[in-house]
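Bear in mind that the values in this text are calculations on the coordinates, not laboratory data. Predicted, not measured: the structure shown is a model, and the values here were computed from it. When we count neighbours, we look across all protein chains shown, and the Cβ atoms used for this are built from the backbone with ideal geometry, even at glycine.
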Amino acid sequence: MDAAGNKSKGAEVTWVTYEDPEPETFLASFGFSSALNPGLPASLTEARRPSASNIDIQYHVPVVLDDLAALVPVFEANGKVYAEGSEVASAVTALDFSRNVALVVRKPNGRERTYQVTINTPQTTGLPMVLIETRNGVSVDSKDEYVEASFSIVSEGRVVHQGTTRIKGRGNATWSYPKKPYRLKLDAAQNLLSIMKTGSAKNWVLLANYCDETLLRTTVALWLGDRPGVRLDPAVGARRAAPERQFPRELRIDRVRGAVGRPGRYPRGHRISLRKGQLLELGAGLFRGGAGGVFHVQAPRPR
C-alpha cells in the first residue's frame, strides 16, 4: 500500500535464504579413549562430530561405570575449551560426567559456542540400583543351583542395603529369553524396599520384563487388579533403569505377602479345597478349573 492506503500494483517480494557453505566449526570431534579410561564400553569410545545445528552430545550406556565422576575426554576444538569456568585440556583433564557437562568452546576472536555432554547410565537415572557380584565371577545359568553372591542397593548415591545372598534363575518361558529373571535368597530376612510397607523377607525376585517394551504392563496389571479390591502383591521396586528390572518379593503364603491360610501339604490326588486357602499359578498344568483355566498349586505343596 502507498501512503494514501491504496494497494500497490505489480509489487513482488522475493525471500532469499542464505546458507553458509562452510559453517563455522567450534568442536570438531569429541569422545573418550579406552587407554585413558580403562574398562570403557565400546559405545563410549566412539567419536562424535557435533554440527552447528546439533550441540547435544549424548551417550547411552546400559552398565554401571565405576569412574563416571572422573572420565578424561578426548576432543578437537578450534579454540580453548572450558567447563564451569576452568580450562579443559584434551586427553588430560578429568571431568565429572555423573551429571550433564556444559563445554564452552571459545575462539581467539571471542566467538563461543556451548555443547551439552550427557552420559546416560544406571547411575544417572535417579532410580535405585541393585548391584550383585557372584563369588569368583561365576555366571548364573541354572534355575536349580544357587550361586553365592554379595549384593548392595544404592539409592540417591548412597548404599541403603548390603549383604550376602544366593542367586539362581527362575521363570518358565521367560528363562529362555536373552534378558533373564532371577531369584534371590538372602541369608536373613530383610525389608529391601524400606520406602514401602512391604515387610521383611528372605526370598526376592528380579523380573526381566523382556516382552514388555512399555515397561508398564506388570505395574498397570497390579493397579487394575487392585481396583475391585483384589489383594495383589504391591512390592514393585525400580521400574526404569538400564537394564530395567522390577524387584518384587517372591509371593508366598505368610502374614505379609499372601495371608491365605496356614501353609501345609496335601496328598497327591487329593481334591483341593480353595476355601482353606491356596496359592495358584496360572498355566503350569497341574489341574483345570471350571472355566477352563489350567493351574498349578504353589502352596500348600503335595507330599
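Using θ = phi - 60° in the Karplus curve 6.51 cos²θ - 1.76 cosθ + 1.60, the 3J(HN,Hα) couplings for region 175-181 round to 5, 8, 7, x, 9, 9, x Hz; x is entered for Gly and Pro. Distant-in-sequence amide contacts of LEU206, defined by a placed amide H-H separation under 5 Å and a gap of 5 or more residues or a different chain, comprise TYR182, ARG183, LEU184. Residues whose amide H comes within less than 5 Å of that of GLN190, counting only those at least five positions distant or on another chain, are ALA201, LYS202 (H built at 1.01 Å from N in the peptide plane). Take 204-212, 28-36, 130-138 and order them by the average number of nearby Cβ atoms within 10 Å per residue, most first; the result is 204-212, 28-36, 130-138. With N counted as the residues of region 129-226, its alpha-carbon radius of gyration over 2.2 N^0.38 Å works out to 1.15.
If I model region 54-155 as equal point scatterers sitting on the Cα atoms and use the Debye formula, what is log10 I(q)/I(0) at q = 0.15, 0.24 Å⁻¹? Taking Cα atoms of region 54-155 as identical point scatterers yields -0.73, -1.30.
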